[in-house]
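Read-outs: derived from the displayed coordinates by stated rules, not from any lab. Owing to the predicted nature of the structure, the values given are computational and were not obtained by experimental measurement. Backbone-built Cβ (ideal geometry, glycine too); neighbour counts: all protein chains shown.
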Amino acid sequence: MRIAQVTLNGHFNYGNILQKFALHHTLKKFTDSTEVLWFSPRSFFPEAGGKPGGGWVKREERYDWEKKFYLREAVRQSKFKDFENLHITTRFDFPYMEDIADEYDFFVIGSDQVWNQKYGKIFLNFVPREKKIAYAASIGANTILDELKELYQRGISSFNYISVREENAIKLIKDLTGRTALFMPDPVLLLTEKEWLDVAQKPTWFKEKYSRGFVLTYYLNRLPPPVVQNFAGKIGLPVINLLDTENYNHFTVGPAEFVWLFTNASLIFTNSFHGMVFSTLFKHPFVVNTLRNKNDSRLISFLKLFGLEDRFDPAEPLKIDFTRRDEVLPLERAKAFKFLSEALLGGDAK
């Protein structure tokens, strides 16, 4: 059996590459022949170039900042590329899409926001229905735009098996297609802690000052709020800010180092879905402290599932109850493997 895995691709987002690795590792338990299809344009920063962000940088400082950012981003993405080369079998070059439909027994799309209305919309129209499986696909929104409803109705209806990553997507899909999608856990949760530790790597710069513990922050598209440094000062722990462009070591962390830091952090502050997922997986206290996230269907579904709705700005960040996590996670894994077994090894479409 030969499986093609399809997801969003890139060398820049930790959650994206680690969920891709997790699903890839899981699918290899069903067959040795699994490949990720890279549909996106080549985006490796040193090869493709890129336009650094940093709109908050003063004009007179922009050139020096962009030069520094480019060099650091090149280092960071090189680590992503090394991780992918080591752990994920990826196919970059293939003929016309229609030609590869016969090369694989199944096409598994997911997870991540493959059905995001801005940059997803991956429906594999060239693949026969009986070969198409959606695992924990994410729409990442509470509604479908009117102008996209017909596209989504046709696209989602064309899948033989459909599962999603957030509860509200179940209703959206039911309203659009009349079909009932199943709720599945993010692929990151399908691997055990030991399986993640097998790929984790301690950063070479991790020194004695962090040995008593540290506060880890992982914020997308923004700097950590002042509350992080204030709380870290109160408990006497240093802070490691992932994606901090001003700190070479923290900014250039690779995927394997990212996992290691999450396995060892004393407390995590984040606005990222996968920051929250890894915190829960490794049972470390975490805080989600941005108002925008309170309307994020992905985060709300996840926190509700594991009984962690209090993680939005908790009064006591270090106090957390993982009782429901311990009860639910084994059941969610079993449900996911049952879904994949039926979809890949036989059974009627759901």
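If every alpha-carbon in the stretch 262-335 counts as one equal scatterer, what log10 I(q)/I(0) does Debye give at q = 0.19, 0.21, 0.22 1/Å?
-0.73, -0.89, -0.98
Project the alpha carbons of the stretch 124-217 onto their principal axes and report the range along each, largest first, in whole Å.
57, 28, 21
Going by alpha carbons, how many degrees (0 to 90, nearest 10) lie between the helix axis of 59-87 and the longest principal axis of the chain?
Its long axis makes an angle of about 50 degrees.
For the stretch 195-327, state the semi-axes of the equivalent ellipsoid (square roots of 5 times the eigenvalues of the alpha-carbon gyration tensor), sorted largest first and rounded to whole angstrom.
Whole-Å semi-axes of the equivalent ellipsoid: 22, 17, 15.
Between LEU243, LEU303, LEU71, where does the largest GNM mean-square fluctuation fall for the chain, given springs only between Cα atoms within less than 10 Å?
Fluctuation is largest for LEU71.
To the nearest Å, what is the center-to-center distance of the stretch 202-240 and the stretch 323-343, using C-alpha atoms only?
Each part's Cα centre sits 33 Å from the other's.
I need the Debye-formula profile for the chain: one equal scatterer per C-alpha, no solvent, reported as log10 I(q)/I(0) at q = 0.06, 0.09, 0.11 1/Å, two decimals.
-0.22, -0.51, -0.77
Cα-Cα pairs above 12 Å in the stretch 149-196: how many percent?
65
Quick one: net charge of ILE144's neighbours, Cβ under 15 Å, K/R +1, D/E -1?
+2
When the C-alpha atoms of the stretch 76-154 are aligned to their principal axes, what extent does each axis show, in angstrom, from largest down?
41, 34, 20
At 222 nm, what value in deg cm²/dmol follows for the chain if DSSP H runs of at least 4 each add -39500 (n - 2.57) and the sum is divided by all its residues, to the nearest 500?
-12000 deg cm²/dmol
Between GLU167 and ALA315, what length in nm is gained on full extension when 0.36 nm per residue of separation is reduced by their alpha carbon distance?
Once the chain is fully extended between GLU167 and ALA315, it gains 50.6 nm.
Going by amide H atoms built from the backbone, whose H comes under 5 Å of the H on ILE109, apart from near neighbours?
Distant-sequence amide H within range of ILE109: VAL6, ILE133, ALA134, TYR135.
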